[in-house]
Each structure stands twice: as structure tokens, then as C-alpha cells.
Amino acid sequence: MTRPKGSVKSGQVQVRAREVLVVGGGFGGVRAVKEMAKEPHLHITLIDRNNHHLFQPLLYQVATAGLSPGEIAVPIRTIFSRYSAVQILMMNVDRVNLAEQKIILSGGKEYHYDYLLLACGAESNYFGHPEWEPLAPSLKSIRDALDIRRRILSAYEQAESSASEEEKRFQLSFVVVGGGPTGVELAGAISEIANTTLRSDFRNIFPESTMINLLEAGPRVLSSFASELSARARDDLAQMKVNVHENCRVLSIQSGVVKTTSGEFRAANIFWTAGVKPSALAASLGVPLDRQGRVIVKEDLSLPQHPNVFVIGDMAHAEPPGGGEALPGVAAVAMQQGSYVGSLIRREIHGQATSGQWTGQATSGKATGQANLRLPFTYLDKGTMATIGRKRAVVQMGPHQRFRFTGFLAWLLWLFVHVAYLIGFRNKIIVLFEWMWSYLTFSKGARLIVGHQPLDHQIMDHQVVDHQHQRPKSKSKSEPGTDGGSF
Ligand SMILES: Cc1cc2nc3c(=O)[nH]c(=O)nc-3n(C[C@H](O)[C@H](O)[C@H](O)COP(=O)(O)OP(=O)(O)OC[C@H]3O[C@@H](n4cnc5c(N)ncnc54)[C@H](O)[C@@H]3O)c2cc1C
């Protein structure tokens, strides 16, 4: 490490500060570092390939012009600017050498660790079809969200200037693959754009004629929720003019066409929210993985044979104490695991520092004193929620998720929780203001198209020249719009 290493005086014992490397500044990594940041016996290095911590649950709002990127992301340096023991590196970690206790960055540089925490999250999963990715972009990063925003807004611009009714229908057709929370939220938000935000802004098209198809391979949308909440979400979506297709598995995606077990969908705009797989770093460890590629961790979230290496969040397959289904890949799990590991390392180091016991090996299993006791990680499930649109959401919470809410109350709960968990007071205030403004005015403030027009090739592919087309003289509610894309 280039940063000077010091020793810390603890009582009568001179103790070398321990090197803790945390890879990933997402929900899990940030929580862990916060937990350890004030421990004087630690040098903490947080490495992330991006310079920002991203609040992924609100990415769809950036993708649908409701919020701007800076409102859901915050520089990692800013989060830890007051903690002098925390070093931030913007680097990509390429692999880990467990035997030699070091990580290797993409440029080949190596860093030694006493403790290592891997919290690298997940990436989009196209289930062996990487060729679908450019045709059906997914939503995992700010770049993805801005790309989707550009595609959505560009589609209306392309339709407005199109001379052909068929081309207009094609441009105003959306397919969202995946009926989990992200797919439902994205489809609902596109519907709001079409039916409220853009309603009066165009002269040659009827934005409310937008066709939105939401495809879910399983038997119901929001399958991680109680079935009554799935049914409610489906009804809400139907009222918002989103066509929900369950038991509808994608067979292939070509430019502007999705072939499924339920038929073919033509759409200029195809978005993929159908699955994630753990960060590629998981496979590089050479340790047992589950079927999804997640690292199987012990009850204390450490690797078997490597008690000083922890894996948490979306990258980890962690079972509840005593066994059972692996914990879900959600922010709450990652945050609680981050707090757990951070506090575990802090307590172990603090105990060793004050008793002068450091042996170079993290202790595991048998307790050698209160500081070294490793209780298993236990997840406290506070509830699950998803929003469908304005005044529409589903929430389940409480013991055994027994308390269930829908509609306006659920939506208020969703708003409150998401603002509360956003990092940064400024972001909380701005997002709250944006949502209040949007609620009162039905507008969306971030409707900027930036960058190139990725839809050009689709227009070329599907261009239909219609010389008979007449521009509508005026638009009124009684005029029929286009009836949407083909099925
Ligand atoms: C669109 C979307 C919506 C979601 N909505 C919800 C929701 O409503 N509620 C909910 O609970 N969960 C939601 N989730 C899931 C939730 O965001 C994840 O479960 C959570 O982010 C996992 O936290 P993590 O710390 O494991 O990883 P992340 O928060 O993903 O952080 C991983 C970090 O590691 C960094 N990284 C990855 N690989 C490397 C590398 N090789 N080198 C350096 N850095 C690396 C990344 O840049 C990133 O900053 C959503 C996810 C998405 C994508």
C-alpha cells in the first residue's frame, strides 16, 4: 500500500493497524465501512470501479425521467470524507489470491489484506444470450438508466416525425421482459409518461396510445410477494393500460421483435429486467458456488477455510442459521450483512488489540473471548415493497409478512422508506421535492435526451413509407389513437 502504515498505541501494547480491504461501495460495502470507520486499529480501503454509491431501487426513476442521476447517487469519497482511516480507490478488482491474502487490480497492481470483504453485487443476466443485451438493454447502472431514458423519450420524438401510422405504432410499442419489482416499476412508469406526462406535448401522435407489454416467464408478476399482492399489482397494471403476460417465456430477441412462448411482440423499445447474476469476481475465487453462481458462505458470512474473507449481498449465498432457503438479493440483506461483518471485524480487532493477541489469523468458530465470538448472521426481514405507479404500491411486512397494504397507503409507505434510505440529506430533500412537484403537476423534470439516437437502426429496419398519411388537424380525447403494437 502506498498509504503510510502506522502502529496504534492501545493501552501498553503497540499494535500494527490491520489492513481491511472492502471491494464494492454499494449497500453492503458502505454499511460495513461505516461500522468500522471509527476503529483506530484499522486501515480500511474501499475499492469500487465507480466513484459513486448508487441507490439502485430508484434507478427506474432516472430511466423514466422522474429523477436525475445525482439525486440517487453520491460520491463514495463524500460519504467517508470525515473518516481519515478510510481510503477510497476507484479501481476494478480483477481477482483474489486467497492463498497469499491479496487482491489483484485490473492493471496488475496488488494489495495485501488482513481482512477482505467482497460486496460486489450482481450484474444483469441474459441467461446465455449476450447477443440480446444491445437489443434489450437492462437497468443496473446510471449509464443504463440514461440509455433507457434516451430510448424512451427518443421513441416519442421519432414517432412524432414519422409519416407512417405503422411506424408510429412501432415506435410507441414497449416490451418489458421480467415481472419482478423492477419490471413492474418500469412498465408502470412508462405508462405514466405516456398517459399523463407527455399527453399534451405532441401534435402528430397520441402518447396515450402507447402499447406496453410486460412479459413474465413465471405464473405471476411480483412472485416474491404474497399471491394476493401479485394479483393486485396485475389489476393496477391493467388499469394503467399495461398488458401483463404471465407464463410467457422469451425464446429469442431480434431487433424490434421478441419471440415468446405466447407469441411474437414487435416493439421499438425492449427492456430487460429478467434476472441478475453475481459479480464475475465470485467465480474467480475458486470456492464452491450455488447454481446461480453465488459464493456459498458460512453462517458468519466468511468463506470456509478463510475466516478473514467475507462475501455479502447479491454475491453471496447465505442461509439462515440452521439452514433453509438462501437469503434474497435485496438491499436490506446487503445492508444488514455489511453492518454484521463490519462490527464483527471491529470487535475482533479491538479485542485482539487491547489484549495484544493478534496472530495474523482471524479467529473463527470457538470463542477465545467475548471479542472473538462469532455469532451467526441473522436477517431481520422488515418487509418488502414495490410501487406500480402514482398512488399504487404493494407492501408486505411484520411477522411472517402478515401485514399487507395496497394502494395509496402502500404508496406512501414506499415513498417514506425510499427517501429515508437515500444517502445524503440533500438528496432526501431534493427527491422529496421532486416527488411532491410531480404529484401535484403530473410532470417529470428530467426529460432530456442526451447522446446519440440508438433507435436509428430500428427505424431503418422497420421503415414503412406511407404517402397517404395525413397530419391530424387537432387532437382531442374523442379521436381514436393508434391501437398499439402487434402481438
Ligand atoms: C434496478 C434495480 C432495482 C432494485 N430495487 C430494489 C428494491 O426496490 N428493494 C431492494 O431491497 N432491492 C432492490 N434492488 C436490489 C438491490 O439494489 C441489491 O440487492 C443491492 O444493491 C445489493 O447490494 P450489494 O452491496 O451486494 O451490491 P451493490 O449495491 O450492487 O454494490 C456493488 C458495488 O460493487 C462494485 N463492483 C462490482 N464489481 C467490482 C469490481 N470487480 N471491482 C470494483 N468494484 C466492483 C460496483 O460498482 C458497486 O458499486 C434493485 C436492484 C436493481 C438493479
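Counted as qualifying within the stretch 18-77 are the strands (runs of 3 or more DSSP E) with 1 or more residues that are of a type in the set (Ser, Thr, Tyr) and out of contact with any Pro (no Cβ under 9 Å at 6 or more places or on another chain), namely 42-48. Residue check: GLN292 meets all listed conditions (1) among the polar types (S, T, N, Q); (2) surrounded by fewer than 24 Cβ atoms within 10 Å (Cβ to Cβ); (3) not assigned by TED's automatic domain parsing to the domain that holds LEU344 but one, namely (3).
Checked across the stretch 287-299, the condition of being polar (S, T, N, Q), within 16 Å of the ligand (Cβ to nearest atom), under 30 Å from LEU98 (Cα atoms) and more than 22 Å from the chain's Cα centre (by Cα) holds for no residue. When PRO134 is tested against (1) surrounded by 16 or more Cβ atoms within 10 Å (Cβ to Cβ); (2) within 27 Å of SER252 (Cβ to Cβ), only condition (1) is not met.
Cβ separations smaller than 7 Å between residues 6+ apart or across chains give the following pairs from the stretch 22-37 residues that are closer than 14 Å to TYR340 by Cβ to residues that are more than 6 Å from the ligand (Cβ to nearest atom) and of a type in the set (Phe, Trp, Tyr): VAL33/PHE80.
Can you tell me which residue is nearest to the ligand (Cβ to nearest atom) among those in the stretch 300-333 that are of a type in the set (A, V, I, L, M) and assigned to a helix (DSSP H, G or I)? Result: ALA331. Being more than 13 Å from the ligand (Cβ to nearest atom) and crowded, with 24+ Cβ neighbours inside 10 Å is the filter; apply it to the stretch 15-40 and report the residue that is nearest to SER84 (Cα to Cα). Once the filter is applied, the top-ranked residue is MET36.
Regarding PRO219, is this residue more than 25 Å from the chain's Cα centre (by Cα), more than 16 Å from the ligand (Cβ to nearest atom) and surrounded by fewer than 23 Cβ atoms within 10 Å (Cβ to Cβ)? Criteria not met by PRO219. The stretch 90-136 holds strands (runs of 3 or more DSSP E) entirely within its bounds, and those carrying 3 or more residues that are within 23 Å of GLY329 (Cα to Cα) map to 93-97, 115-118, 122-124.
Which condition from (1) closer than 22 Å to PRO328 by Cα; (2) more than 16 Å from the ligand (Cβ to nearest atom) is the one that GLN171 breaks? With (1) closer than 22 Å to PRO328 by Cα; (2) more than 16 Å from the ligand (Cβ to nearest atom) applied to GLN171, the lone miss is (1).
Of all the numbered requirements in (1) among the basic types (Lys, Arg); (2) more than 16 Å from the ligand (Cβ to nearest atom); (3) not in a helix (DSSP H, G or I), LYS277 misses one, and that requirement is (2). The residues listed here are LEU237, LEU214; of these, the one that is assigned to a strand (DSSP E or B), touching a Gly at 6+ places or on another chain (Cβ under 8 Å), surrounded by 14 or more Cβ atoms within 10 Å (Cβ to Cβ) and assigned by TED's automatic domain parsing to the domain that holds ILE193 is LEU214.
The values are calculated or read from the model by the stated rules, or taken from the named source; none is laboratory data. On a predicted model such as this, the values are computed, not experimentally measured, just so you know. Positions of Cβ are backbone-derived with ideal geometry, glycine not excepted, and every protein chain shown enters the neighbour counts.
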